[in-house]
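Accompanying notes for the structure given below.
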Amino acid sequence: MESKAKKGIWPVMLTPFTDAGKVDYTALEALIQWYEEGGVNGLFAVCQSSEMFFLSLAERVELSRFIKKTAHVPVISSGHISYSVDDQIDELKRVADTGVDAVILITNRLAEQGSEEKVWKENLDVILRALPEDLPLGFYECPYPYKRLISDSEIEYAAKTGRFHFLKDTCCDAALIQKRLKLIQGTSLQLFNANTATLLDSLQHGAAGFSGVMANFHPELYAWLCANWEREPEKAETVQAFLTMASQIEKQLYPVNAKAFLKGQGLPITTYTRSKNHHEMSPLFLSEVDQLNQLTQWFKKSMEI
């Protein structure tokens, strides 16, 4: 069964804000161009990196619409953050109406923490009946407000519908990823790894690509790895090792540090975020981000990427 999700790299997009805290669409347009120049294959809008839990429904809808209208690559979007299934259906329909190429369901929204698989599947069925049958869908194992990894049974249940094309996998477990890839083999559902350390291994076992935080720092390196790991396996191992160590910056003050990085690249973006206090981006943190940029540029030149 053919998937509608293009293989490769799908950054989890940031949302630029003005210093006053409003969505900055001028900066967003520049950011979209930056992603595309980095060789991305698609964009994942309105996700946790976009600070969707801190955006109004109107903002989530308008962001989806603007990004789809502006981008030259496919755009997928999430944005259902409510607890009520009925409210989620309303959110999902409004996002779908923006014309995005696929709508992504958050796995932890389909059942409360500790709920049985039966509840998750029943709520999924309710949502599927409410959404257009020809609307491409996906899943995102969002870590907030709690992390619900999709079970083997849930993956098989969803894949059999033929309506799912994209899984943003956040399990960070090479063995589990390999198991999941076997479960979805022959279906329209494709796995996109969010974890850098397991990326090359997952590609070698059939993963479709990368959809993670670090594509907000050096998408071109991830794009190279996803496109060239088979053709240049030894070089791919070196790129993988560099990316794994560089990804430790995630533990600093994300997404503030990603915005600081982009600002240092010359993008017209502030470090303001709603999810974190951007004033906590200390001189030490800024120095680390700057040194990562210097190291990345040296590495790209050395590896001829």
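The values are calculated or read from the model by the stated rules, or taken from the named source; none is laboratory data. Predicted model only: the values in this text are computed from it and were never measured. Cβ placement follows ideal geometry from the backbone for every residue including glycine, while neighbour counts extend to all protein chains displayed.
Observations
- Complete set of residues in segment 198-217 that are assigned to a loop (DSSP other than H, G, I, E, B) and touching a residue at least 40 places away in the same chain (Cβ under 8 Å): Ala208, Ser211, Gly212, Phe217
- Yes/no for Tyr83 being touching a residue at least 24 places away in the same chain (Cβ under 8 Å), farther than 20 Å from Ser56 by Cβ, of a type outside the set (S, T, N, Q) and surrounded by fewer than 22 Cβ atoms within 10 Å (Cβ to Cβ): no
- Some residue of segment 240-252 being free of Cβ contacts under 8 Å to residues at least 40 places away in the same chain, buried (at least 21 other Cβ atoms within 10 Å of the Cβ) and over 22 Å from Ile177 (Cα atoms): no
- Segment 1-18, subset part of a loop (DSSP other than H, G, I, E, B) and modelled with pLDDT of 95 or more, residue nearest to Leu183 (Cα to Cα): Lys7
- Across segment 267-305, the qualifying residues are those that are among the small types (Gly, Ala, Ser) and in a helix (DSSP H, G or I), and the one among them that is farthest from Thr26 (Cα to Cα) is Ser302.
- Checking each residue in segment 19-57 for being among the hydroxyl-bearing types (Ser, Thr, Tyr) and either modelled with pLDDT under 95 or not in a loop (DSSP other than H, G, I, E, B) (or both) picks out Tyr25, Thr26, Tyr35.
- Matching entry among Glu220, Glu237, Glu250 (being of a type in the set (Asp, Glu), over 19 Å from the mean Cα position of the chain (by Cα) and assigned to a helix (DSSP H, G or I)): Glu237
- Looking across segment 2-42 at every residue that is in contact with a Lys or Arg (Cβ under 9 Å, 6 or more places away or on another chain) and among the aliphatic types (A, V, I, L, M), the one that is nearest to Pro143 (Cα to Cα) is identified as Val12.
- Flag: Ala260 does not match the condition of being closer than 19 Å to Tyr140 by Cβ, crowded, with 18+ Cβ neighbours inside 10 Å, modelled with pLDDT of 95 or more and in contact with a helix residue (DSSP H, G or I) (Cβ under 7 Å, 6 or more places away or on another chain).
- Test result for Phe210, buried (at least 22 other Cβ atoms within 10 Å of the Cβ) and of a type in the set (Phe, Trp, Tyr): yes
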